Amino acid sequence: MLGLVLSACSSNKSTNKEATDSKASPSASASSGTPASSAANEEPYKFTLVLSNENSDYVRQMQADDPYITALNKISAEEIGVVVDFQPFEMADRYVTLATRLASNDMPDVFQLDTTIQVPELAGAIAGGAILDTTELLNQFGKDILAAYPDDFWKSPNISQNGKLYGVPKLQISQQPKGIYIRQDWLDKLGMKQPETLDDYLAYFEAVKTTDLDGDGQHNEVPLVLTKELSIYNWVFEGYFGVFPDQWKYVDGTAQPDLIDPKMKEVIGFYKTLYDKGYINDSMFTMSMGERGGFILNNPVGAFVHDVQHSGKLGYYGNPGNYTTQQGVDIAVVTGPKTPEGTKRFAPLRLPNQNVFIISSKAKDPQKIVEYFNWYFSNSEALANLLLYGVEGHNYTVKDGKIDWDPLAKVNLDERFIYQSYISPMKGDLRASDASLAFDPSGDMVKQAKKDTLAAGDDRGAFKYMPVMKTQLENPQLGYGDGSLYADMFAKVILGRETLDQAFDQFVANWKKQGGNDVIAEATAWYNANK
Amino acid sequence: MPTFRSERWFQWCNGFFILAVSILMLMPLVHLLAVSLSAGEFVSRNQVYFWPKGWNISVYEYLGGQSRLWRSLGVSVYITLMGTMITLLISTTLSYALSRKYMPLRSLILKLIVVTFIFSLPLIPFFLVVRDLGLLNSLWSLMIPTATGAYYIFIMAAFFRGLSSELFEAGRIDGCNEYRLFWQIAVPMSIPVIATIALFHAVYQWNSYFYAIIFIRDHSLYPMQMLVREMVILDQMMNNLTGYDTSTKAMATDQLKAGVVLFVTFPILLVYPFIQKYFVKGAMLGSLKE
Amino acid sequence: MPRTIWQALTSNPRVGVFILAVPGLAYFLLFKYLPLLGNIIAFKNYDLFLGIWGSPWVGFSQFERMFRYGEFIQIVTNTFAISFYQLIFGFPAPLILALLLNEIRTFWFKRFTQTMLYLPHFLSWIIVGGIFIELLSTKGMVNLMRASLFGAGPVQYLIEPDYFRGILVSIGIWKEVGWGMIIYLAALAGINPSLYEAAVVDGANRWRQMWSITLPALLPAIVILFLLRVGNLLDQNVEQVLVFLNPLVRNVGEVIDTYVYRVGLQGAQYSYTTAIGILKSLVGLVMVVSLNQLSKKVTGESMY
């Protein structure tokens, strides 16, 4: 459009990184790969993969001759005749990146989204055919990918629209279960066992509060750390009561949000008890998630919620070396209190997919792209070694034909994320995989926690894939995080500014009045159409 | 009749007040400096106030070794100097023109400029203009699209308007054309305001990173604030999902942040004292209003 | 005598001065006006792929959405209130500081403190916020001083609705007053010292001098800066507000711009946020037009 006015001035200096065209290898073997020898003779097909840098400094400073990318491309060139040009964008800017790409009609071959294709940015692009319909390609060349996900995923709005599939998903390892991180060393000191019932937790918190566990002569131990966003990392006891702020249930023909469920009142009441007893950090309403990490590592903290995979001795919070001010920190992860019925549902599981990679309709050889992604599920030994141990000579050595990989070597501590996650676009964060956990001294604990969480399951049903409803998009105060009516009420009750009953009932009334009723109607309609 | 005593009393009170406020302003930076030079464990325990505890320069050693930091410093210096020159060029000429009552379409143009600062600039159309001009992924995109605005123009125009008209009339009698009137009369008489706008823009250019996010893809062209953003702001924004850089383990992240902020702020602080002398000079060259 | 067409043209002052203005005019046309036309998406349902022209028209429905927003009255009230506090306290502050600083006679002291006073301008709100949150917390310096000086119990300043706006505005002033005074210092430098000498001879004291010489000399700058300020009256610095905003003070602190930010997080609400921006700008437009007229009549100074 502006071209009309500015065609005289425009030049082709704008960066359009197109995939270099090459002769595609004629022998395209779809799945389990023995190296296709004919592929080695021809130029491998190269496509551009624009993906998040996952906030990693290493990725930000990656050079063109990076050893991991080079190694990966070498293997994929030999085995299936495809190489990839990794172009990371800043994770925080992913939507701006998507928007500018779309607006300037400069979509790369493959672009990484968050969990779903149902983002407003893409509405016109999908309808207008700029995003490739991958249904047929997946059916023919992506069989292993199809098999890796449950059936209901392929029907969900995350990946499908009007019955067609768009893009290729990336696995969420074990659906990122959450757990409560507690201090095993403190439990040992106190002679307590790991908390199981609600009373156990209360006892643990009380002990932490009143005992000088780090021996500094001060009672500054914080039993439980919560932050102001009230996000999933704050949901310690919601599971016990069976309601979650982001969950819906289908009751008597309408969709009902847990947010206004009377049981939620009990949840809030319980947190108030904890707060009144001094078990929660009093910076709760001014501390953000970004600050929590530093707080945990630098202060004596009794419990907090986090993704289970970081609790092993090699994990970020499990590694005692990261706790600069304390000695002998021993982290254990547990899956929340058991209800009187004996169930233990801690936190909602993440969806089966962590991301979706959309393919541009202008990609020169989308079949090769799908084959490439499918290859990640193959039995390729070279690939498996790369994704677990890294590059030979750089991350590990071979002694007597056996691989000697030291997870605690500096290079591996620093760069494990790259070869176990970043260069594995299909399989998600492999640091949480069982294979990787086998190397962690606390690996069994983490594996058990994963198992427990998955076993406890998820009763969200079809609501699992429900996108944010239209009315809520315009009324962010109807959600549950920072800036919501729920958070306002929660804070006022916890701090005793308002009484629980009155505040909660007022909240429900306000929520409904300010658009909540519309959200309920929209959710019900969605559920009926998608169950 | 002001007495000597009341004058002295006023001077002391005023001076004390100014000093107190100045110290208040200085404290956060002193605190940051102390944090950046302290040993990690004191920082973690929030025990550092205005003096370093446990002398430790590893933050600066680390930063000094980061070649991308130096490279981006070069980029920042370049776009600040060059960008300010471009800004002064465009702003002074236009402001001068708009201060002359005989400028054609003057009233209309002024009104149109008012519109540009009241209504905000939508981002995507702005991006598309820059793209269509072929400026993407070049340093020009950081210097030209943001070169000037109503703020600079109106301030400078007001100053130009206030210049005594006698000198211009004399110049015209001497046969100066507009260009010479501008360059040889108006500009030398307006050094304080030109210096001020130069300072404003230099600081703006030095501190900006927002447009670098959408216009620049090549990391080697990143200005320093982008790196600061990565180290300080984004760190705050993101959850700890991905692992960590153990080379900084010797220092608490707060220290690194403090060090980076000081590293980036220090150069631009040197500019103002340099500019200050122009504020005095102007007084010699004539009054602003008759 | 003009010898070439070029000389003929440039010797005409009107043409000459217009040519001088060309680079600036080209800039405004390309980088301000052209994108400004993009505001038209407020009347459409803008889709990134369909582009500005391809997106469908929806009339005023984006504007209506704003009025239907459940907390509309609250955020508008908050925005006006905070903006007015900032105007009433924040606008005069740099001027007053400049005038006081101008009275200092010791040259090196004046120079030295000038450099210190603008330092907070360079810190980002994330840092400034972090510092003040620490200072105002229950175990922070302010409360510790209250305890030791007055024996008073701690006040949780950051989560009291009554304090929020005051804290927000004050810290904002603290951060920017030293920077904002620079322009006034530049203007003060341009005042002819002989005017003051004459006034002293006439027996005027410092306050009389300020009233008759200094302030009139500063009037053009004051008027321009004031009009520039009110043109964007309802604009707030999102970073600044968000760093202090928390659930307990949201009812007094949530402003239009933080709402726009939250909506923006949900993704691609370009048309809606542009419409909101236009509504804010209309208020600014009314302010500028009316106050410009007023200033013309009362002070003789105006922006256009």
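The values are calculated or read from the model by the stated rules, or taken from the named source; none is laboratory data. What you are looking at is a predicted structure, and each value in this text was computed from that prediction instead of being measured. Neighbour counts are summed over all protein chains in view; Cβ atoms, including those assigned to glycine, are modelled from backbone coordinates with ideal geometry.
A few notes on this one:
- Of all residues in region A:468-513 being part of a helix (DSSP H, G or I) and touching an Asp or Glu at 6+ places or on another chain (Cβ under 7 Å), the one that is surrounded by the most Cβ atoms within 10 Å (Cβ to Cβ): A:Gln477
- Here the condition is being in a loop (DSSP other than H, G, I, E, B) and facing chain B (nearest Cβ under 7 Å); of C:Ile191, C:Ile183, it holds for C:Ile191 alone.
- Considering residues of region B:111-166 that are farther than 14 Å from B:Ala212 by Cα, more than 7 Å from chain C (Cβ to nearest Cβ) and of a type in the set (Phe, Trp, Tyr) only, the residue surrounded by the fewest Cβ atoms within 10 Å (Cβ to Cβ): B:Phe160
- Index of the failed condition, C:Ile41 passing every other in (1) among the aliphatic types (A, V, I, L, M); (2) in contact with a Ser or Thr (Cβ under 7 Å, 6 or more places away or on another chain); (3) more than 8 Å from every other protein chain (Cβ to nearest Cβ): (3)
- Screening C:Ile96 against (1) at the interface with chain B (Cβ under 10 Å from one of its Cβ atoms); (2) modelled with pLDDT of 90 or more leaves a single unmet condition, (1).
- Residue within region C:230-237 that is part of a loop (DSSP other than H, G, I, E, B) and in contact with an Asp or Glu (Cβ under 6 Å, 6 or more places away or on another chain) present: yes
- Within region C:67-82, residues that are more than 14 Å from chain A (Cβ to nearest Cβ) reach partners that are of a type in the set (Asp, Glu) with beta carbons closer than 8 Å, at six or more positions or on different chains, in the pairs C:Thr79/C:Asp257.
- The one condition from (1) within 11 Å of chain B (Cβ to nearest Cβ); (2) among the acidic types (Asp, Glu); (3) not in a loop (DSSP other than H, G, I, E, B) that C:Glu197 does not meet is (1).
- The single condition from (1) part of a helix (DSSP H, G or I); (2) away from chain C (no Cβ under 14 Å) that A:Asp458 fails is (1).
- Put simply, of C:Met141, C:Met145, C:Met116 the only residue that is out of contact with any His (no Cβ under 7 Å at 6 or more places or on another chain), at the interface with another protein chain (Cβ under 10 Å from one of its Cβ atoms) and without any contact (Cβ under 8 Å) to a residue 24 or more places away in the chain is C:Met141.
- Matching residues in region A:79-115 - criterion: being touching a residue at least 60 places away in the same chain (Cβ under 8 Å), assigned to a loop (DSSP other than H, G, I, E, B) and more than 18 Å from A:Ser361 (Cα to Cα): A:Gly81, A:Asp114, A:Thr115
- For region A:394-428, filtered to residues that are assigned to a strand (DSSP E or B) and in contact with a strand residue (DSSP E or B) (Cβ under 6 Å, 6 or more places away or on another chain), the residue that is surrounded by the fewest Cβ atoms within 10 Å (Cβ to Cβ) is A:Asp404.
- Matching residues in region B:167-200 - criterion: being facing another protein chain (nearest Cβ under 9 Å) and acidic (Asp, Glu): B:Glu178
- Check on B:Tyr211, of a type outside the set (A, V, I, L, M, F, W, C), farther than 27 Å from C:Leu218 by Cβ and within 10 Å of chain C (Cβ to nearest Cβ): no
- When A:Met445 is tested against the conditions (1) more than 14 Å from chain B (Cβ to nearest Cβ); (2) part of a helix (DSSP H, G or I); (3) surrounded by fewer than 17 Cβ atoms within 10 Å (Cβ to Cβ), the lone failure is (3).
- Helices (runs of 4 or more DSSP H) wholly inside region B:171-290 that include at least 3 residues being at pLDDT 85 or above: B:191-207, B:210-215, B:224-228, B:253-269
- Across region C:256-279, the qualifying residues are those that are more than 12 Å from chain A (Cβ to nearest Cβ) and of a type outside the set (Gly, Ala, Ser), and the one among them that is surrounded by the fewest Cβ atoms within 10 Å (Cβ to Cβ) is C:Leu279.
- The residues on offer are A:Phe244, A:Phe304, A:Phe270, and the sole one that is closer than 24 Å to A:Asp200 by Cα and surrounded by fewer than 21 Cβ atoms within 10 Å (Cβ to Cβ) is A:Phe270.
- Tabulated pairs, region B:196-213, first over 11 Å from B:Leu88 (Cβ atoms), second not in a helix (DSSP H, G or I), C-beta under 6 angstrom, 6+ apart or interchain: B:Ala212/B:Pro223
- Selection from region A:273-301 of residues that are surrounded by fewer than 19 Cβ atoms within 10 Å (Cβ to Cβ), over 24 Å from A:Gln327 (Cβ atoms) and not hydroxyl-bearing (Ser, Thr, Tyr): A:Asp276, A:Lys277, A:Gly278, A:Asp282, A:Met289, A:Gly290
- The selection criterion, being part of a helix (DSSP H, G or I) and either modelled with pLDDT under 85 or surrounded by 14 or more Cβ atoms within 10 Å (Cβ to Cβ) (or both), holds for B:Pro28.
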